[in-house]
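Participant: Pasting in a structure now, in structure tokens, and then I'll have a few things to ask.
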Amino acid sequence: MTILLREPTAEMVPEIAAYRQEMLAAGSSMDGCGSLRHTGDPLQWLAQVESMRREETCPPQWVPATQFVALDQDGRLVGMIQVRRRFNDFLERYGGHIGYSVRPGQRRRGVAKEMLRQALAYCREIGLTRVLITCLEENEASRRTILANGGVYESTVFEPQEQVRLQRYWITLGEES
């Protein structure tokens, strides 16, 4: 599937709202969407996304991050992926540099694999040399996505707040081929 990663804009509000609604209806975790799960107003979410782009405006409980939406050839939002430029204690242990999710109706089409491939190129551009990505132990699709992009398993950890086991994978970023 051909997709294009873009930073979200106000013109995308209807697609962002539809994405959120479909993800909530499916009971999806909405990883890589920032606060979208808890923010019903897409314009408020866009303001939060903007504040997280720069260290000086990033709220203290978060870390600087770049939010991307994945658009298909028709401009439909099919996924979201967030790149965090550094860790806080929680991200270092459980969350990693990158979180992503795919719209339920677009899964099993290679969207996540392509989003991650493009996000890793962005990570190289901003100077990251290694990227940590985690996934739920039972999430076979995410594990395959990470492995297909060069992920190397490190360990499995228990995250006490959500009561889940997370697998940790590192991807070393060499020169893009």
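The values are calculated or read from the model by the stated rules, or taken from the named source; none is laboratory data. These figures come from a predicted structure and were not determined experimentally. Please note: Cβ atoms are built from the backbone with ideal geometry, for glycine as well, and neighbour counts cover all protein chains shown.
Participant: Please state which one of L120, L147, L166 is modelled with pLDDT of 95 or more and in contact with a helix residue (DSSP H, G or I) (Cβ under 9 Å, 6 or more places away or on another chain).
Facilitator: Step by step, each of L120, L147, L166 is checked, and only L166 is modelled with pLDDT of 95 or more and in contact with a helix residue (DSSP H, G or I) (Cβ under 9 Å, 6 or more places away or on another chain).
Participant: For the range 101-130, give me each residue that is buried (at least 17 other Cβ atoms within 10 Å of the Cβ) and not in a helix (DSSP H, G or I).
Facilitator: S101, V102, R103, L128
Participant: Do we find that T134 is surrounded by fewer than 16 Cβ atoms within 10 Å (Cβ to Cβ) and β-branched (V, I, T) in this structure?
Facilitator: So T134 does not fit the description; no.
Participant: Let me ask something additional. Just a yes or no: is a residue in the range 33-51 at negative phi, surrounded by fewer than 16 Cβ atoms within 10 Å (Cβ to Cβ), within 17 Å of the chain's Cα centre (by Cα) and of a type in the set (A, V, I, L, M)?
Facilitator: So far as the range 33-51 goes, no, none of its residues is at negative phi, surrounded by fewer than 16 Cβ atoms within 10 Å (Cβ to Cβ), within 17 Å of the chain's Cα centre (by Cα) and of a type in the set (A, V, I, L, M).
Participant: Kindly list, by first and then second residue, each pair from a residue in the range 9-34 that is in contact (Cβ under 8 Å) with a residue 40 or more places away in the chain to a residue that is in a loop (DSSP other than H, G, I, E, B) and not basic (K, R), limited to pairs with Cβ atoms under 6 Å and residues at least 6 apart or on different chains.
Facilitator: Short answer, once both residue conditions are applied: M23/M30.
Participant: Out of all the residues in the range 69-82, which are surrounded by fewer than 23 Cβ atoms within 10 Å (Cβ to Cβ) and closer than 19 Å to C135 by Cα?
Facilitator: Residue satisfying the conditions is Q82 alone.
Participant: Still on this structure, I have one more. Name the pairs whose Cβ atoms lie under 7 Å apart, with the first residue in the range 35-59 and more than 23 Å from A18 (Cα to Cα), the second of a type in the set (S, T, Y) and surrounded by 12 or more Cβ atoms within 10 Å (Cβ to Cβ), and 6 or more positions between them or separate chains?
Facilitator: Every condition considered, the pairs that remain are R53/T66; T57/S51; C58/S51; P59/S51.
Participant: Here's a follow-up. So M30 passes all but one of these: (1) surrounded by 16 or more Cβ atoms within 10 Å (Cβ to Cβ); (2) at pLDDT 95 or above; (3) farther than 24 Å from Y153 by Cβ; (4) among the hydrophobic types (A, V, I, L, M, F, W, C). Which condition number does it fail?
Facilitator: (2)
Participant: Let me ask something additional. Kindly establish whether V152 is out of contact with any helix residue (DSSP H, G or I) (no Cβ under 7 Å at 6 or more places or on another chain), exposed (fewer than 13 other Cβ atoms within 10 Å of the Cβ) and modelled with pLDDT of 95 or more.
Facilitator: Working: out of contact with any helix residue (DSSP H, G or I) (no Cβ under 7 Å at 6 or more places or on another chain): yes; exposed (fewer than 13 other Cβ atoms within 10 Å of the Cβ): yes; modelled with pLDDT of 95 or more: yes.
Considered against the rule, which asks whether it is out of contact with any helix residue (DSSP H, G or I) (no Cβ under 7 Å at 6 or more places or on another chain), exposed (fewer than 13 other Cβ atoms within 10 Å of the Cβ) and modelled with pLDDT of 95 or more, V152 comes out as yes.
Participant: Okay, moving on. Please find, within the range 89-100, the residue that is surrounded by the fewest Cβ atoms within 10 Å (Cβ to Cβ) out of those that are over 13 Å from T66 (Cα atoms) and either of a type outside the set (S, T, Y) or touching a Cys at 6+ places or on another chain (Cβ under 9 Å) (or both).
Facilitator: If we take residues in the range 89-100 being over 13 Å from T66 (Cα atoms) and either of a type outside the set (S, T, Y) or touching a Cys at 6+ places or on another chain (Cβ under 9 Å) (or both), then D89 is surrounded by the fewest Cβ atoms within 10 Å (Cβ to Cβ).
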